[in-house]
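Comments concern the structure below.
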Amino acid sequence: MRKYLLAWFPMVLVAIINGLFREQFIANHVSELRAHQLSTASMILLFGGYVWLLFKIWMPATVSQTFQIGILWLVLTVIFEFLFGHYVAGHSWSKLLHDYNLLEGRVWILVLIWITIAPYVIYQWLK
């Protein structure tokens, strides 16, 4: 599992690049909400590609391990999002929680769901 823990760190870089792309290019052409939604979709695609490449190199041994990887990545992502977002980026807790409001079109939770299930889905696809 150590290698999958280490494999999470490039996901942070992918997320930062995706966010920069959203702010520099997408946000200039659409509303903030639409930019959020498009960025969420691109994040899901990027993470899927990353996991596919990763599993071509380090295929999990079992289905059970894919669930462990997904939970590990979910926990690390949520911890990072809230700790970095609040203490480093300076966002309020309410702003951080705002991206979870599906009723307002905020779809960030789909990224978290994908991070959790992607190891299993990609494992089954490559098997």
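The values are calculated or read from the model by the stated rules, or taken from the named source; none is laboratory data. Note that this is a predicted model, so its numbers are computed, not measured. Here the Cβ is made from the backbone with ideal geometry for all residues, glycine too, and neighbour counts use every protein chain on show.
Note on region 36-88: residues that are polar (S, T, N, Q) and free of Cβ contacts under 8 Å to residues at least 12 places away in the same chain amount to 2.
Condition first: surrounded by 18 or more Cβ atoms within 10 Å (Cβ to Cβ) and either in contact with a strand residue (DSSP E or B) (Cβ under 7 Å, 6 or more places away or on another chain) or among the aliphatic types (A, V, I, L, M) (or both). Now tell me which residues in region 47-71 satisfy that. 51, 54, 69 - these are the residues of region 47-71 that are surrounded by 18 or more Cβ atoms within 10 Å (Cβ to Cβ) and either in contact with a strand residue (DSSP E or B) (Cβ under 7 Å, 6 or more places away or on another chain) or among the aliphatic types (A, V, I, L, M) (or both). The sole residue among 98, 91 that is touching a Gly at 6+ places or on another chain (Cβ under 6 Å), surrounded by 13 or more Cβ atoms within 10 Å (Cβ to Cβ) and without any contact (Cβ under 8 Å) to a residue 40 or more places away in the chain is 91.
Counting only helices (runs of 4 or more DSSP H) wholly contained in region 17-127, the ones carrying 3 or more residues that are closer than 23 Å to residue 4 by Cα and among the aliphatic types (A, V, I, L, M) occupy 32-57, 63-83, 108-126. Only one of 111, 75 is surrounded by 14 or more Cβ atoms within 10 Å (Cβ to Cβ) and not polar (S, T, N, Q); which? The unique qualifying residue is 111.
Any residue at all in region 19-31 that is modelled with pLDDT under 95, more than 22 Å from residue 126 (Cα to Cα) and within 12 Å of the chain's Cα centre (by Cα)? Yes: region 19-31 contains one or more residues that are modelled with pLDDT under 95, more than 22 Å from residue 126 (Cα to Cα) and within 12 Å of the chain's Cα centre (by Cα). The set of residues from region 82-127 being at pLDDT below 95 and among the polar types (S, T, N, Q) comprises 92, 94, 101.
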